[in-house]
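J.: My questions all concern the structure below.
Values in this text are rule-based calculations from the coordinates and carry no lab data. Computed from a predicted structure; not experimentally measured. Using ideal geometry, Cβ is built from the backbone for each residue, glycine included, and neighbour counts are taken over all protein chains shown.
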Amino acid sequence: MDWQSFILSLELAAITLAVLLPLGLWLARWLAKTSFAGKALIEAAVVLPLVLPPTVLGYYLLVSLGADSSIGRWVLQTFDIRLTFNFLGLLIASIIFNIPFMVQPIQRAFEAIPSNLSEAAAVSGLNKWQTFFRVELPLAWPGVLSAVVLTFVHTLGEFGVVLMMGGSIPGETKTIAISIYDRVQAFDLASADQMALTLLLLSIVAVAASFFATARILKARAR
Amino acid sequence: MNATSPILTGALHVHIEQSSPMPLHGSFQCEAGELMALVGPSGAGKTSMLRAIAGLLKPSEGRVTIGDQVWMDTQTGQFIAPQHRHVGLVFQDYALMPHLSAMENVALSLLHLPSSQRKLKAKLWLDHMQLSAEQQLRRPKNLSGGQQQRVAVARALAREPRVLLLDEPFSAVDQMSRQGLYDLLADLRKELHIPIVLVTHDLAEARHLADSMVVMEGGTILQQGTPAHIYRSPRNARVADLVGVQNRFSGMWLGPQSAQDSIDQVGWLQWLNATGTPSEIKLRVRDKGRLLAGQHVTWVIQGDGIHLDEKTHFTTTNPATCLPVNGMVSLESNVVSVRHLGETTLASLSLPSVLGINLRIVRSGPQRQRLSINQPITVMLDCDWVHVMPSK
């Protein structure tokens with residue numbers, strides 16, 4: 001069992017969530033509430049990471065953020081920071097490939113809220129933030145919860161993009177998914193078994209927990 | 001306690017002009033303590049008018065004031081957000097928060113109070129709306145339509161509103177709860193000295209409840225007045241149609257026929273047959289000088305102006321009796337249909353002297369017992385109750 005990789009994966013998932021959740025909430029709510037001419041394009045861009053082969057996504061990220069690219073070179077010269085083959089690069093990749101998993105369930109949840117509830121809140125004297133925290137967020141909560149679980153589990157398991165962007169540097173970019181592959185290549189099936197099972201159980205627990213929580217919320221609401 | 005103390009406010013004045021995204025034109029006013037009904041077919045813009053008052057819709061031009069406070073004035077660029085208007089708005093589908101209990105729903109409009117006081121005050125309002133302590137803890141889903149509506153009204157009143165807006169409050173409620181709501185509304189009017197605007201498409205309801213009516217169609221306000229005034233003298237044929245005036249006929253305006261007519265400010269109206277040809281009947285009615293002789297007109301007569309006299313029985317048609325005597329026109333007629341509805345009776349009378357035209361009457365009390373089909377009857381039309389308007 002490669003604990004270092006396992007902890008790295010958990011760290012990556014946690015930081016991805018911390019960055020992506022507020023961003024996702026904002027983007028999802030905005031997409032749910034507004035309609036304009038180019039909205040379909042933005043929605044398509046949000047879904048794109050879901051339909052692209054992970055290696056293709058990883059390849060383009062590598063090409064556009066690497067030290068030879070204009071963005072990569074500028075960031076390196078200005079801040080002395082590399083964007084590839086380190087934890088930061090991994091985090092950027094993780095955030096981008098998780099956008100659809102975070103945004104779509106939340107957007108659907110916001111879309112399902114009747115628009116006159118926000119109006120009723122406004123007439124009742126609630127400002128935008130009060131309406132968000134007291135009306136919209138509680139009502140969208142099942143969607144937010146499933147977005148969080150999907151993003152978390154998906155980050156633990158992502159392989160192609162991570163390998164492309166991060167390589168396999170122990171303690172820096174070698175996540176548990178890569179470690180499993182590594183062990184299989186080395187015919188160390190016992191370690192691979194252990195890690196795969198850990199990942200499987202963790203995923204089952206996370207998904208089951210989110211389903212139970214959602215069911216409880218909906219049941220409470222029906223009471 | 002606040003739930004029973006009157007909330008003082010001024011009259012509501014609304015003037016709105018907008019052509020897009022949807023047309024909205026017109027102005028109306030509602031005094032403090034007055035119940036005003038906004039009526040018209042669906043899509044007439046009634047709800048949009050309410051939304052403009054609440055500040056949920058910002059019309060391209062207009063002015064909304066309450067007492068001496070300006071809520072919106074496009075000329076000066078003033079616009080007070082709905083959060084700061086203190087409007088009590090009861091949505092058509094109530095718009096209660098599904099994740100909150102009845103009490104929490106009401107408490108939500110009391111966020112300006114310390115949290116300890118919110119539930120206490122919410123409870124007072126819900127008690128006032130006659131919801132039991134157990135019902136107050138239920139979520140909206142587990143309350144009946146009538147109870148949900150009471151929660152919505154409690155939430156609106158907890159705002160201590162300067163104006164109460166009710167959007168089709170009776171449409172989703174069964175007849176039993178409806179009577180309870182009429183009583184509730186009557187009580188509220190006594191307690192609250194604020195303008196109350198009621199949107200409805202039920203004319204009987206509007207007539208029954210409201211002090212004044214605003215008739216709307218296609219986003220435009222056609223007429224404002226007391227129900228009695230609108231039914232007696234609709235501004236035009238369209239208003240007569242919209243408010244469902246029963247006895248609406250075509251005529252030809254003949255104008256004053258003598259010097260005496262001009263002095264009396266009266267003119268002559270020739271009743272037209274259903275085919276549009278002139279009948280023998282001419283009525284001497286009030287002339288406001290707005291109509292031209294020879295003009296096609298629409299005219300109405302309210303039930304109050306139609307009298308029956310069963311004693312006289314005609315044997316022959318005699319047009320001479322059809323000339324007005326003391327403002328009354330006697331006409332021979334035949335009862336062609338009688339429908340008994342509870343305590344009232346609707347009857348339809350055919351008039352041999354006006355072809356293809358039926359007069360509809362409503363009678364209650366002993367008089368209705370004497371109405372039977374095929375019975376000849378004398379109808380007397382009181383020309384004071386005739387209102388003539390240009391045909392559209």
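J.: How fast does the stretch A:159-205 diffuse by Stokes-Einstein, in µm²/s, taking the Kirkwood radius from C-alpha pairs at 4 °C and 1.567 mPa s?
T.: Values: Rh = 11.1 Å.
Reported coefficient: 117 µm²/s.
J.: A further question follows. Short version: ³J(HN,Hα) in whole Hz for each residue of the stretch B:298-308, in order, from phi by Karplus 6.51 cos²θ - 1.76 cosθ + 1.60 (θ = phi - 60°), x for Gly and Pro, what are they?
T.: Taking θ as phi minus 60°, the curve returns 10, 9, 10, 9, 7, x, 4, x, 10, 10, 10 Hz for the stretch B:298-308.
J.: Shifting gears a bit: With no solvent and one point on each alpha carbon, what is the Debye value of log10 I(q)/I(0) for the stretch B:248-390 at q = 0.09, 0.11, 0.21 Å⁻¹?
T.: Those come out to -0.28, -0.41, -1.31, one per q.
J.: Shifting gears a bit: Please work out the Cα center distance from the stretch A:144-223 to the stretch B:70-107, rounded to the nearest Å.
T.: Answer, in whole Å: 45.
J.: Something else now. Quick check on the exposure proxy: order A:Phe211, B:Phe249, B:Phe91 from fewest to most C-beta atoms within 10 angstrom. Display every interim value, and only then the final one.
T.: Details: A:Phe211 14, B:Phe249 18, B:Phe91 24.
With the fewest neighbours first, A:Phe211, B:Phe249, B:Phe91 line up as A:Phe211, B:Phe249, B:Phe91.
J.: Let me ask something else about it. By the gyration tensor of its Cα atoms, with a ≥ b ≥ c the square roots of the eigenvalues, what is the shape of the stretch A:112-223: rounded for a/c under 1.5, prolate for a/b over b/c, or oblate? Please list the in-between numbers first.
T.: On the way: a/c = 5.28, a/b = 2.45, b/c = 2.15.
The shape class here is prolate.
J.: Given H placed on each backbone N at 1.01 Å, which residues far from B:Val266 in sequence or on other chains put an amide H within less than 5 Å of it?
T.: B:Asp287
J.: Can you figure out the FRET efficiency of B:Gln367 with B:Lys141, using R₀ = 45 Å and their beta-carbon distance, to the nearest 0.05? Walk me through the intermediate numbers first.
T.: Values: r = 50 Å, r/R0 = 1.12.
It comes out at approximately 0.35.
J.: Through the Karplus equation 6.51 cos²θ - 1.76 cosθ + 1.60, θ set to phi - 60°, convert the phi angles of the stretch A:17-32 into ³J(HN,Hα) values in whole Hz; use x for Gly and Pro.
T.: 4, 4, 7, 7, 4, x, 4, x, 4, 5, 5, 5, 5, 4, 5, 6
J.: If one computes the Cα centroid of the stretch B:248-271 and of the stretch B:121-169, what distance in Å separates the two points?
T.: 55 Å
J.: Now a separate question. Which FRET efficiency value, to the nearest 0.05, do you get for B:Arg178 and B:Ser42 by plugging their Cβ-Cβ distance into 1/(1 + (r/R0)^6) with R0 = 25 Å? The partial results should precede the final answer.
T.: Numbers: r = 19 Å, r/R0 = 0.76.
Efficiency, from the Cβ-Cβ distance: 0.85.
J.: Check cross-link reach from B:Lys282 to the lysines: straight Cα distance under 22 Å, and skip same-chain residues fewer than eight apart.
T.: B:Lys392
J.: Quickly work out the B:Thr76-to-A:Asn86 label distance, labels modelled 7 Å from Cα along the C-beta direction, and quote it in nm with one decimal.
T.: Computed distance between label sites A:Asn86 and B:Thr76 equals 6.0 nm.
J.: By how many nm would the segment from A:Trp141 to A:Leu48 lengthen if fully extended, with 0.36 nm per residue of separation less the alpha-carbon distance?
T.: On the way: separation 93, 0.36 × 93 = 33.48 nm, distance 2.48 nm.
Working it through step by step, the gained length comes to 31.0 nm.
J.: Please list the equivalent ellipsoid semi-axes of chain B, computed as the square roots of five times the alpha-carbon gyration tensor eigenvalues, in descending order and whole angstrom. Display every interim value, and only then the final one.
T.: Details: eigenvalues 472, 131, 49 Å².
The three semi-axes for chain B are 49, 26, 16 Å.
J.: Quick one: compute a quarter of the convex hull surface over the Cα atoms of the stretch A:63-138 and quote it in nm². Write out the running numbers ahead of the final one.
T.: On the way: hull surface 30.5 nm².
Projected over every direction and averaged, the Cα hull of the stretch A:63-138 covers 7.6 nm².
J.: Once you have a ≥ b ≥ c as the square roots of the Cα gyration tensor eigenvalues for chain A, tell me rounded if a/c is under 1.5, and otherwise prolate or oblate according to whether a/b is larger than b/c. If you can, show how the numbers build up before the last one.
T.: Numbers: a/c = 2.57, a/b = 1.48, b/c = 1.74.
Oblate shape, in that a/c is at least 1.5 and b/c is the bigger or equal ratio.
J.: Please report the antiparallel percentage of DSSP beta bridges with both residues in the protein assembly as shown, rounded to the nearest 5.
T.: In the protein assembly as shown, approximately 80 percent of DSSP beta bridges are antiparallel ones.
J.: Under a no-solvent Debye model with one identical scatterer per Cα of the stretch B:197-320, what's log10 I(q)/I(0) at q = 0.11 Å⁻¹?
T.: The Cα Debye sum returns log10 ratios of -0.50.
J.: Taking the simple approach of a point 7 Å from Cα along Cα-to-Cβ for both B:Thr344 and A:Ile15, what is their distance in nm?
T.: Roughly 7.7 nm, to one decimal.
J.: Which one, A:Gly160, A:Ile71, A:Pro142, is farthest towards the positive end of the dipole of the stretch A:3-222 when Lys and Arg carry +1 and Asp and Glu -1 on their Cβ?
T.: Most positive-ward Cα: A:Pro142.
J.: Using only Cα atoms, locate the centre of the stretch B:277-296 and the centre of the stretch A:1-78, then give the distance between them in Å, rounded to an integer.
T.: 79 Å
J.: Would you mind checking which residues have amide H under 5 Å from B:Gly219's amide H? H placed 1.01 Å from N; only 5 or more apart, or other chain.
T.: Answer set, sorted by chain and number: B:Gly45.
J.: Jot down the radius of gyration and Dmax of the protein assembly as shown, Cα atoms only, both in angstrom.
T.: Cα-based Rg and Dmax for the protein assembly as shown come out at 36.0, 121 Å.
J.: Another question, if that's okay. Among B:Lys123/B:Lys190; A:Lys33/A:Lys219; B:Lys119/B:Lys141; B:Lys121/B:Lys190; B:Lys46/B:Lys190; A:Lys128/B:Lys190, which pairs are too far apart, with a Cα-Cα distance over 23 Å? The partial results should precede the final answer.
T.: Working: B:Lys123/B:Lys190 21 Å; A:Lys33/A:Lys219 27 Å; B:Lys119/B:Lys141 20 Å; B:Lys121/B:Lys190 21 Å; B:Lys46/B:Lys190 25 Å; A:Lys128/B:Lys190 35 Å.
From the list (B:Lys123/B:Lys190; A:Lys33/A:Lys219; B:Lys119/B:Lys141; B:Lys121/B:Lys190; B:Lys46/B:Lys190; A:Lys128/B:Lys190), the Cα-Cα distance tops 23 Å for A:Lys33/A:Lys219; B:Lys46/B:Lys190; A:Lys128/B:Lys190.
J.: Which aspartates and glutamates have a Cα less than 16 Å from the Cα of B:Lys288, not counting those fewer than 8 places away in the same chain?
T.: List returned: B:Asp261, B:Asp264, B:Asp384.
J.: Convex hull volume of the Cα atoms in the stretch B:1-118, per residue, in Å³?
T.: Details: hull volume 17.1 nm³, N = 118.
Each residue corresponds to 145 Å³ of Cα convex hull volume.
J.: Share of antiparallel DSSP beta bridges in chain B, in percent to the nearest 5? Please list the in-between numbers first.
T.: Numbers: 70 of 88 bridges.
Expressed as a percentage, antiparallel bridges in chain B total about 80.
J.: Here's something else I'd like to know. Step through the residues of the stretch B:230-246 one at a time and calculate ³J(HN,Hα) from phi using the Karplus curve (6.51 cos²θ - 1.76 cosθ + 1.60, θ = phi - 60°), rounding each to whole Hz and writing x for Gly and Pro.
T.: These are the phi-based 3J(HN,Hα) values: 5, 5, 7, 9, x, 5, 8, 4, 5, 5, 4, 4, 5, 8, x, 5, 5 Hz.
J.: Sequence-distant or interchain residues sharing an amide H contact under 5 Å with B:Leu198, placed H: which?
T.: B:Met36, B:Ala37, B:Leu38, B:Leu166
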